[in-house]
Amino acid sequence: MRTARLIARDDLLAGLDRAVAGKVTIISAPAGSGKTSLLRAWAARAGRAYRVAFVPVRRAEADAQVFWLALLNAVGPAPGPGGDSELPTATPEFNVRILADRVLSALARARDRVVIVIDDLHELNSPESLVELTRLLANLPPRVHAIVATRHDLWLRLHQVRLAGELTEIRGEELRFTERETRDLLDASGIALSGAETALLHQRTEGWAAGLRLAAISLAGHPDPERFIAEFSGSERTVAEYLIAEMLERQPDVVQNLLLRTSLLDRVNGDLADLLTGRPGSERILLSLEDANAFVVSLDPERTWFRYHHLFGDLVRLELRRRLPEEVLALHRRAAGWFIRHGQVADAIRHTQAAGDWPAAARLLTDHSFRMTMDGQGETVRALLRAFPPGTAHSELALVRAARSLAWGHLDETAADLKVAAAYAQTTPPDRQRRLTIAIASLRLRLATRRGHLADVVEQAAFLAAPVTGPSEEDIALGHDLRAVALMNLGTVEASMGLAEAERHLLEGAVLARKIGRPYLEVRCLAQLGPASKIRSLAAARRHCEEAIALAVRHGWGAEWITAPALVTLAETMVWTGEFDEAERCLQRAARALQADTGPDMRLLLHQASGMLLAARGRHHEALAEFSASECLRSQLNGSPATAGQVTGWLLATRARLGMTAEASAALAALSDELAGSGELANARAVIFLATGDPAAALGSVRAVLDGTAPVIGDVTMVEAQLLAGLAHRALGDPRAANRAAERALGLAETDRLVLPFAMTDSRDLLAALPAHETAHAALLADILDVLRSAHPSSASSPADAARLAAALSPGELRVLRYLPTNLSRQEIAGELSVSINTVSTHLSNIYVKLDANDRSAAVHRARELRLLTVGRTS
């Protein structure tokens, strides 16, 4: 193929140079207008004072996550809110805003000037992504510019950027070649035409870039240029069809064969082209076509994958159907086989569909939909499902439809599809039947959870016991994916029911996920292992949580909601052991991670842990609000968390400590006999009696806990009961009995270093009266007393001081103040609040002056003394 030389369109290139002084350039023009060629020519020019991040959007891109990860990879990842600095790994569920914020953070940290070039944005089928892209473009850092190329105008609300004079728009008319540029293109391609012939060619093509390039290729060595120019006219489409037909006729057979037979691919490499053409050497031809600027573009730096310009590909496909209609289906089948052998399932399914083999496409989609969803291709799965002919009831697809219905909350449709899927599974070979049965069991388990039929969960466990086997490694791998998902779902539901099997199933799921290279599933299992194991062992719970968080950060999910169970549980273990400041920071991270999650279960745990921390610090009014919110959310759930009695007890005890003894007594009387008879509620009853001045009745209430008559969740309830008994003995004037109870409480708390019961019951005086030389737990006693002294506000800080300083701090300063206990930098705080770093710095200076603090740590300490910081709220 003869070279159609690219020419330097100096006016347009200079226009782009001027545009990068602003924020955004939009290039909106039809296919074949030369957008991509212009952008590549501009980006390739030497002597640039900035770095170009080029991000092409794949054709009909359904998964927005692919686009945002490519954008983040192009600009260079920056540490996220959770401390993660690596490029995030794709997940089945992702938060567009978090990834957009990561891109903004990476750009803000860039030391050089950066120009983002997004080509073919019209191919991105994600309205939510356009909203976030608008936000990103409107808030680009000063040293960053963005160029967006699209075939048509998109819903990008950039009016503020336009009003500020920071938006440049280039339309199709401006991209049309002038007559002078037409002459320059012909000269550069070695084509000699008269002035009249050049003018006629420009007139017939109307300066259309694609038409001129095709004409230049066809005119090279043409025997009769004048006739060639005179014979084409009409719309751009008909001109292009004519020119491509002419161009193909003039190419060697080997080039024609490659262009035609590979035109049905969105992307091609040498090996795949060899398969479709039936001869070797395709990569050399593809490289020469790109070198000739013949509508071929390489997709990677190594130049192994290529694509045709979209309009060129469309028209060559049309030519393929005209010349070789009988071969089209066979070519699609060959391509599908190549893609499935190379693990590129979505492309394999598309070509199987294009070949008209709908049953085979349905089997492929059914077998691989779970894996594709885990790889972040959920929208692609839905697009492939929609591509099946309407009205055709492929029973193989019932499983895929069930998963989709469940995701949308259509529970009756899910149940109906699962019945069809179960019937279909019985007709399949044993190895495939095993995989499908596991998938069906996993979806049934999730459906039972959504419907609140938790008793049905146990029925699904039998399908998960046996290892997965199959005739091929691919079958085994698919089965492992399904089993890991099912174990995660099963263990999560069992943990919510307080079942002992939860730990085993979640641990099996984590081990299997690690073995098959599924870090997302491993994080999910480990994050749920924390809450599942905390009743048995706080140390084990903490270990699992820290492992889950570290793994999530390593894969770029430190701020995602999947870390929330681990963050909340880790904070809870820290509260139990008296690490209150660390717990507060952990809860703030959890609150940010849960901003995109609307489910009540995790928010319930967040309120519960926040209430525990506030109660430990003696902030009973705030603790009451958190415990009440937790109870309210619990009423919305069909199942009851295993620790529900504990939280109910703390809620009633907090009311009593605030002097609301009548309300607490009434609420206690309204409880069921089973709940009221638990050890946790016996302790709450003792607190009410102590608050009403009846220590003897308090002793009677905890006696059932101490003698083992009342059922308890664990040692924590026993520690609390001993402390309440000690406080009652002390009120009755029996210090020896009080000391014995305190000593027993220390003994029970020693193993896990439980501090929370001592703080929650405000046992400072009880412990201070215990002779240090008589206790077997002197070190623990000293530690607990240190924690209790620092947990409560300083007596030097009166409510009047707090009110005065709260009034002195502006709303902006208060917002910044609430981020100071975190590890976020000034730049990251600015990003969280959507303000400039200068604004954050100004607020910090004012905060230090008003709180009489020299640095950040001192400001945080003073703010806590004055109760200006609230757990779990950062906005």
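In the range 184-206, the residue that is farthest from Arg171 (Cα to Cα) out of those that are crowded, with 20+ Cβ neighbours inside 10 Å and under 52 Å from the mean Cα position of the chain (by Cα) is Ser189. Of all residues in the range 692-720, those that are within 24 Å of Ala500 (Cα to Cα) have Cβ atoms under 7 Å from Cβ atoms of residues that are aliphatic (A, V, I, L, M) and not in a helix (DSSP H, G or I), 6 or more apart or on another chain, in Val705/Val712; Ile713/Ile535; Gly714/Ile535; Val716/Leu754; Met718/Val712; Val719/Leu754.
For Leu824, indicate whether it is surrounded by 15 or more Cβ atoms within 10 Å (Cβ to Cβ) and touching a residue at least 60 places away in the same chain (Cβ under 8 Å).
Judged against the criteria, Leu824 is a match.
Quick check on the range 209-233: of everything there that is over 23 Å from Pro30 (Cα atoms) and in contact (Cβ under 8 Å) with a residue 40 or more places away in the chain, which residue is surrounded by the most Cβ atoms within 10 Å (Cβ to Cβ)? For the range 209-233, the residue satisfying everything is Ala220. Restricted to the range 23-70, and to residues that are part of a loop (DSSP other than H, G, I, E, B) and out of contact with any helix residue (DSSP H, G or I) (no Cβ under 8 Å at 6 or more places or on another chain), which residue is most open to solvent (accessible area, probe 1.4 Å)? Per the stated criteria, the residue is Ala46.
So which residues in the range 249-269 are more than 25 Å from Thr352 (Cβ to Cβ) and either β-branched (Val, Ile, Thr) or surrounded by 15 or more Cβ atoms within 10 Å (Cβ to Cβ) (or both), if there are any at all? Before you say what the answer is, go through the steps one by one.
To start, the set of residues in the range 249-269 that are more than 25 Å from Thr352 (Cβ to Cβ) comprises 249-256.
Arg250, Gln251, Val254, Val255, Gln256 - these are the residues of the range 249-269 that are more than 25 Å from Thr352 (Cβ to Cβ) and either β-branched (Val, Ile, Thr) or surrounded by 15 or more Cβ atoms within 10 Å (Cβ to Cβ) (or both).
Looking only at residues in the range 730-740 that are in contact (Cβ under 8 Å) with a residue 24 or more places away in the chain and open to solvent by 40 Å² or more (accessible area, probe 1.4 Å), the one that is farthest from Asp673 (Cα to Cα) is Pro735.
Out of Val687, Val719, I need the residue that is of a type in the set (Val, Ile, Thr) and over 18 Å from Arg655 (Cβ atoms). Which one?
On the way: Val687 fails: over 18 Å from Arg655 (Cβ atoms).
None of the others qualify; the one that does is Val719.
For the range 571-602, a residue qualifies if it is of a type in the set (Ser, Thr, Tyr) and crowded, with 20+ Cβ neighbours inside 10 Å, and the qualifying residues are Thr573, Thr577.
Selection of first residues in the range 14-29 that are over 14 Å from Leu158 (Cα atoms) and of second residues that are open to solvent by less than 10 Å² (accessible area, probe 1.4 Å) and among the polar types (S, T, N, Q), restricted to Cβ pairs under 6 Å at least 6 apart or on distinct chains, gives the following pairs, ordered by first then second residue: Ala19/Thr25; Ser28/Thr150. I'd like to check something: does the range 825-834 contain any residue that is at pLDDT 85 or above and in a helix (DSSP H, G or I)? Looking through the range 825-834, at least one residue is at pLDDT 85 or above and in a helix (DSSP H, G or I). Within the range 270-289, the set of residues being more than 15 Å from Gly337 (Cβ to Cβ), out of contact with any Lys or Arg (no Cβ under 7 Å at 6 or more places or on another chain) and surrounded by 15 or more Cβ atoms within 10 Å (Cβ to Cβ) comprises Gly270, Ser282, Glu283, Ile285, Leu286, Leu289. What residue, among those in the range 741-789 that are more than 24 Å from Ala653 (Cα to Cα) and hydroxyl-bearing (Ser, Thr, Tyr), is surrounded by the most Cβ atoms within 10 Å (Cβ to Cβ)? Among them, the one singled out is Thr775.
Number of residues in the range 551-589 that are assigned to a helix (DSSP H, G or I) and small (Gly, Ala, Ser): the value is 5.
Does Ile562 satisfy the criteria of being within 23 Å of Leu499 (Cβ to Cβ) and within 24 Å of the chain's Cα centre (by Cα)? The answer is yes for Ile562.
A count restricted to the range 149-183 and to residues that are among the hydrophobic types (A, V, I, L, M, F, W, C), loosely packed, with under 12 Cβ neighbours inside 10 Å and touching a helix residue (DSSP H, G or I) at 6+ places or on another chain (Cβ under 7 Å) stands at 1.
In this structure, does Ala495 turn out to be among the hydrophobic types (A, V, I, L, M, F, W, C), under 22 Å from Met574 (Cβ atoms) and open to solvent by 50 Å² or more (accessible area, probe 1.4 Å)? Considered against the rule, which asks whether it is among the hydrophobic types (A, V, I, L, M, F, W, C), under 22 Å from Met574 (Cβ atoms) and open to solvent by 50 Å² or more (accessible area, probe 1.4 Å), Ala495 comes out as no. Contact map, the range 186-208: first residue on the phi > 0 side of the Ramachandran plot, second residue in a helix (DSSP H, G or I) and open to solvent by less than 10 Å² (accessible area, probe 1.4 Å), Cβ cut-off under 8 Å, separation 6 or more or different chains; pairs are Gly207/Thr182.
Kindly provide the set of residues from the range 185-224 that are in a helix (DSSP H, G or I) and charged (D, E, K, R), ordered by number. Walk me through it before giving the result.
The initial filter retains those residues of the range 185-224 that are in a helix (DSSP H, G or I), namely 185-188, 195-205, 209-219.
Across the range 185-224, the qualifying residues are Asp187, Glu197, Arg204, Arg213.
For every residue, the table says whether it meets (1) over 16 Å from Met574 (Cα atoms); (2) over 20 Å from the mean Cα position of the chain (by Cα); (3) without any contact (Cβ under 8 Å) to a residue 60 or more places away in the chain; (4) not in a helix (DSSP H, G or I).
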| site | (1), (2), (3), (4) |
| --- | --- |
| Leu499 | yes, yes, yes, yes |
| Glu503 | yes, yes, yes, no |
| Val511 | yes, yes, yes, no |
| Cys525 | yes, no, yes, no |
| Ile549 | no, no, no, no |
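Annotation: Arg371 fulfils all but one of (1) touching a His at 6+ places or on another chain (Cβ under 8 Å); (2) within 21 Å of Ala441 (Cα to Cα); (3) of a type in the set (Lys, Arg); the unmet one is (1).
Name the helices (runs of 4 or more DSSP H) wholly inside the range 97-183 in which the number of residues that are under 19 Å from the mean Cα position of the chain (by Cα) and modelled with pLDDT of 90 or more is 2 or more. Spell out how you get there, then give the answer.
Numbers: elements: 127-138, 159-163, 172-175.
The qualifying helices (runs of 4 or more DSSP H) are 127-138.
Put simply, of Trp557, Trp561 the only residue that is among the aromatic types (Phe, Trp, Tyr) and surrounded by 24 or more Cβ atoms within 10 Å (Cβ to Cβ) is Trp557. Scanning the range 603-621 for residues that are surrounded by fewer than 19 Cβ atoms within 10 Å (Cβ to Cβ) and either within 17 Å of Ala495 (Cβ to Cβ) or touching a residue at least 60 places away in the same chain (Cβ under 8 Å) (or both) yields a single hit, Gly618.
The values are calculated or read from the model by the stated rules, or taken from the named source; none is laboratory data. Keep in mind it's a predicted model, so treat the numbers as computed, not measured. Please note: Cβ atoms are built from the backbone with ideal geometry, for glycine as well, and neighbour counts cover all protein chains shown. Keep in mind that these areas ignore ligands, DNA and RNA; they rest on the heavy atoms of the full protein, side chains included. Shrake-Rupley method; radii C 1.70, N 1.55, O 1.52, S 1.80 Å.
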